[in-house]
Amino acid sequence: MTTPLVEVENLVVEFPGGGSGGGGGGRGARAVDGLSFTLPQGRALGLVGESGSGKSTVAGALLGLHRGTGALTSGSVRVGGTDVAEASPAALRELRGGVAAMVFQDPLSSLDPYYAIGDQIAEVYRVHTRASRRAARARAVEVLERVGIPDAPRRSRSRPHEFSGGMRQRALIAMALACEPRLLIADEPTTALDVTVQAQILDLLHGLREETGMGLLLVTHDVGVAAESVDEVLVMKEGREVERGPVGEVLTAPRQPYTRALLAAVPRITAVPSPAPAPVPAPVPVPVPGARESSGPGDALLEVSGLRREFGRGKGRVVALDGVDLTVHAGTTLGVVGESGSGKTTLGRVLVRLLDPTAGQVRYDGTEIGGLSEKALRPYRRELQMVFQDPVASLNPRRSVGESIADPLRAAGVRDEELIRRRVQESLERVGLDPDRYAAYPHEFSGGQRQRVGIARALIAEPRLIVCDEPVSALDVTTQAQVTGLLRELQRELGLALVFIAHDLAVVRQISDRVAVMRHGRIVEQGPVDEVYGAPRDPYTRELLAAVPALDPALARARRSARGELAAA
Amino acid sequence: MTRFVVKRLGGAVFVLLVLSALVYGLFYLAPSDPARLACGERCSPAQIAQVREQLGLDESVLTQYAQFLQGVFTGRDYSTGVSTLRCDAPCLGFSYQSDQQVTELILDRLPATASLALGAMVIWLTVGVGTGALSALRRGGLTERALTVATLAATGTPVFILGLLMLMVVCAYLQWLPFPTYVPLGEDPEQWAWNMLLPWLTLGFFESAKYARLTRASTLETLAEDHIRTFRAYGVGERAIVGRHALRGAVPPVIALSALDLGTMFGGAVLTESLFGIPGLGKTLIDGVRVIDLPVVVGVVLVIGAAVVLANVVADLLYAAADRRVVLS
């Protein structure tokens, strides 16, 4: 038997004094705590875990990236026969990129903004090969072509900001390929990407492995991504191994409770285990002449038609919304799915009038609010609230969460401090947080808790409609499941209407009654969630659904070939 | 980009108009009488009145300012009683003191200021950026600490103390160089360079401390960015990482600050100019203020203002050229 490509024995990585490293966090935290595994030549292993599980730290340790950073490591790591801890600096440089190449997350920040992409790949190639400048440049174009960059000789002269997210990720993979490494380490290679682009990148990695026979260590929080791409899975939690085995076994018949919980939390796109009863359409209320018509559950609460929103003028004009018609019914959830740039965030903001529509109607509870002045709009502000994507960025770090939550009340003109305090505490309790943490600051909360704070802020003014813009996309799956569960529960109790905007088709299916699919500022398809997911009519919807990673490796293989046929067609 | 330049230059004209109006206004708030100063020590009230009329100081402020603007845009005629003097556009008037045309005076003094400023810039770019890059490369080591102390000391020393020390050590004590006197470049390039050496070093060293700190900070900031990790993970050596990737991040801010400093230096290097006896614009301005020589002061202020505004435009253009992600608007 040949020596394995990677041998990790009892690896411990500790960051003294609260260093970071793949979200290791904490004071003097052990990011990796006694991990051992081997990866045979040419095989693919998935390191799966939630944030803070230490999976990225392991990836860095394979290249000795913690050397010289103050991190304490023990145990042994051998990659391609080289002992990473003992290797000389020269041998380590040879290993990095030559034997094992890393593909980083977040392709925008992982490339130097000042240099052409081809030059950056050529530089790495020359570190390992003594090739001439010209030969290195030619090699860069060659690998860019291999990863499917169209017009590679010309595009190799572009700088990173001139590439789309998917193209940048391809360029990073091209850099990794340049020196024909035996091992590819991919750290969340598709996390920042749209689902269709993610599928393309995963297919590319799959194809490259078949072609070159290189090994793959895939670090991901997304079990679905692992299911598509690896032979073996290692589930990590708090720096330790929870479970390891062939991908088919671990994902279909997990032995450990943690793995089972993790898998259970992953939103499914196929079946809907709906604990929330489907909202009962209320009987059509008999209109009372003279009385203000207030909508009950099931009635149209918010209706938009012909909605258009443009940004910029002249040549730089962008049409973000191009004739959107939709209806949100009281007490129900409308899911809005689409890829980045489809206009879904703009739509959410126009719905609550954070942005003014360029044209079209926004009718809220029978009143046209699309063109109302800020003053006339004030009574409606309280009833239309928003929960934002990034729970870190959407809370002021210098104010206590209680103050932030109280904002909508103060904006509505409430001045009674005692009342405000009481309402904030009620609101905190309602979202499952300790009401006594009124005076705590955002950094004292975890990501999921911060998103609960955001929800509490939206709830406090007793709204009738909340627009949630990617409310769970920054969260781990188990936290995601808790937050969506909370939203569903609040909806049931308070009769809220929700607009749930997300790029994740599975999450949207879990929570929505109706769903609208957006592309290029238009709604390509909308209808009851089972219809749209079960029998999609629009080709784009079908493409989106085909790109969603499946949890079952067998199904994933079937999807991959289906994608191949779709692409060929 | 053309639109950007046109827009900014239009703005510059406006700024200069406001600037000239302000200087005029300030002058007429000042308590002293330029006519008496221009006339000399022993002048009778009648003579002073005559000078006042000759200089046009008997007109209202608004009329004088209007005449000044007319001179700038179309030129104007001055009558001395006997003959008329034609002053072509752009006419900034005549000095009250020397009767020299202000435009000529400025053109006469500009080369000295320009050679001081440009030479100093060469020094601060090489010494400043070099020091900053070195301390970023040797971060955490003894070299870095020594360089930090040195740059701190240089920033803390006033420029005239630095200049005096140079003069004392180099010219008086070691006698490596004679005390500098200004020789125009056109006259004798070699003498020009030798005589400018100390002023350049003084101003250059003084400014380079700032550039060393800026370079070091920008470089370290870039070193903490994700793309540096990428190149480390591909075995790129430390020297290439700092030299090629991290230092590159310091280029746009250094360029932008240099352009601004150069602009200010066209009027602001007064201390260095006085210390080394360089007949530059700064010295001209101070002398003009002392004797309330309004046309000279307005003229020099306009030139300084134009230099600063122009330097700003150039800084923005260079910044955008150095960082292609920046969009000019």
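Worth pointing out:
- Of all the criteria given as (1) in contact with a helix residue (DSSP H, G or I) (Cβ under 9 Å, 6 or more places away or on another chain); (2) within 24 Å of B:Val242 (Cβ to Cβ); (3) of a type in the set (Gly, Ala, Ser), the one not satisfied by B:Ala114 is (2).
- Members of the range A:95-111 that are out of contact with any Lys or Arg (no Cβ under 7 Å at 6 or more places or on another chain), facing another protein chain (nearest Cβ under 7 Å) and more than 19 Å from A:Val84 (Cβ to Cβ): A:Asp106, A:Ser109, A:Ser110
- Residues being touching a residue at least 24 places away in the same chain (Cβ under 8 Å), within 29 Å of A:Glu142 (Cα to Cα), at the interface with chain B (Cβ under 9 Å from one of its Cβ atoms) and out of contact with any Asp or Glu (no Cβ under 6 Å at 6 or more places or on another chain) are entirely absent from the range A:31-53.
- Scope the range A:117-126; condition at the interface with chain B (Cβ under 10 Å from one of its Cβ atoms) and in contact (Cβ under 8 Å) with a residue 40 or more places away in the chain; matching residues: A:Gln120, A:Ile121, A:Val124, A:Tyr125
- The set of residues in the range B:30-49 being among the aliphatic types (A, V, I, L, M) and either in contact (Cβ under 8 Å) with a residue 40 or more places away in the chain or surrounded by 16 or more Cβ atoms within 10 Å (Cβ to Cβ) (or both) consists of B:Ala30, B:Ala35, B:Leu37, B:Ala38, B:Ile48.
- A:Arg134 within 10 Å of chain B (Cβ to nearest Cβ), in a helix (DSSP H, G or I), surrounded by fewer than 22 Cβ atoms within 10 Å (Cβ to Cβ) and not hydroxyl-bearing (Ser, Thr, Tyr): no
- Test for A:Val147: is it within 14 Å of chain B (Cβ to nearest Cβ) and among the β-branched types (Val, Ile, Thr): no
- Every residue from the range A:185-197 that is under 21 Å from A:Arg209 (Cβ atoms) and either within 12 Å of chain B (Cβ to nearest Cβ) or of a type in the set (Gly, Ala, Ser) (or both): A:Ile185, A:Ala186, A:Asp187
- Residue under evaluation A:Thr129, criteria (1) more than 13 Å from every other protein chain (Cβ to nearest Cβ); (2) surrounded by fewer than 19 Cβ atoms within 10 Å (Cβ to Cβ); (3) not charged (D, E, K, R), criterion not met: (1)
- Residue pairs whose Cβ atoms lie under 6 Å apart, separated by 6 or more positions or on different chains, with the first residue in the range A:156-180 and within 14 Å of A:Val197 (Cα to Cα) and the second part of a helix (DSSP H, G or I), are A:Gly166/A:Val197; A:Arg168/A:Pro160; A:Gln169/A:Ile201; A:Ala171/A:Ile117.
- Test: residue in the range A:325-344 that is buried (at least 17 other Cβ atoms within 10 Å of the Cβ) and basic (Lys, Arg): yes
- Screening A:Leu347, A:Leu409, A:Leu321, A:Leu355 for residues that are of a type outside the set (S, T, N, Q) and over 26 Å from A:Ser164 (Cβ atoms) leaves exactly one candidate, A:Leu409.
- Taking every residue in the range A:294-317 that is assigned to a strand (DSSP E or B) and pairing it with any residue that is exposed (fewer than 13 other Cβ atoms within 10 Å of the Cβ) and modelled with pLDDT under 90, at least 6 positions away or on another chain, the pairs with Cβ-Cβ distances below 8 Å are A:Glu310/A:Arg317; A:Glu310/A:Val318; A:Phe311/A:Arg317; A:Phe311/A:Val318.
- A:Glu142 acidic (Asp, Glu), under 18 Å from A:Met214 (Cβ atoms) and touching a residue at least 12 places away in the same chain (Cβ under 8 Å): no
- Those residues of the range A:222-243 which are crowded, with 19+ Cβ neighbours inside 10 Å, within 19 Å of A:Asp33 (Cβ to Cβ) and out of contact with any helix residue (DSSP H, G or I) (no Cβ under 6 Å at 6 or more places or on another chain), in sequence order: A:Leu234, A:Gly239
- Pick from the range A:59-89, criterion within 14 Å of another protein chain (Cβ to nearest Cβ) and β-branched (Val, Ile, Thr), ranking: surrounded by the fewest Cβ atoms within 10 Å (Cβ to Cβ): A:Thr69
- Applying the criterion of at least 2 residues that are crowded, with 24+ Cβ neighbours inside 10 Å and in contact (Cβ under 8 Å) with a residue 24 or more places away in the chain to the helices (runs of 4 or more DSSP H) found wholly in the range B:205-304 leaves B:251-268, B:270-276, B:281-290.
- If you filter the range B:90-131 down to residues that are surrounded by 15 or more Cβ atoms within 10 Å (Cβ to Cβ) and among the polar types (S, T, N, Q), you find that the one that is farthest from B:Leu37 (Cα to Cα) is B:Thr131.
- Under the condition of being under 16 Å from A:Gly68 (Cα atoms), charged (D, E, K, R) and facing chain A (nearest Cβ under 8 Å), the residues counted in the range B:216-248 number 2.
- When residues of the range A:159-172 are limited to those that are buried (at least 18 other Cβ atoms within 10 Å of the Cβ) and not in a helix (DSSP H, G or I), the one farthest from the other protein chains (Cβ to nearest Cβ): A:Phe163
- Subset of the range A:62-116 [part of a loop (DSSP other than H, G, I, E, B), aliphatic (A, V, I, L, M), within 26 Å of the chain's Cα centre (by Cα) and under 24 Å from A:Gly42 (Cβ atoms)]: A:Leu65
- Residues of the range A:15-32 classified as at pLDDT 55 or above and buried (at least 21 other Cβ atoms within 10 Å of the Cβ), total: 4
- Test: residue in the range A:325-346 that is part of a strand (DSSP E or B), of a type in the set (Val, Ile, Thr) and without any contact (Cβ under 8 Å) to a residue 12 or more places away in the chain: no
- Of the listed requirements (1) crowded, with 20+ Cβ neighbours inside 10 Å; (2) away from every other protein chain (no Cβ under 14 Å); (3) not in a helix (DSSP H, G or I), B:Trp176 misses just one: (1).
- Some residue of the range B:45-60 being more than 30 Å from B:Arg216 (Cβ to Cβ) and in a strand (DSSP E or B): no
- Note on the range B:53-62: residues that are under 33 Å from the mean Cα position of the chain (by Cα) and within 14 Å of B:Leu294 (Cβ to Cβ) total 4.
The values are calculated or read from the model by the stated rules, or taken from the named source; none is laboratory data. Keep in mind it's a predicted model, so treat the numbers as computed, not measured. Please note: Cβ atoms are built from the backbone with ideal geometry, for glycine as well, and neighbour counts cover all protein chains shown.
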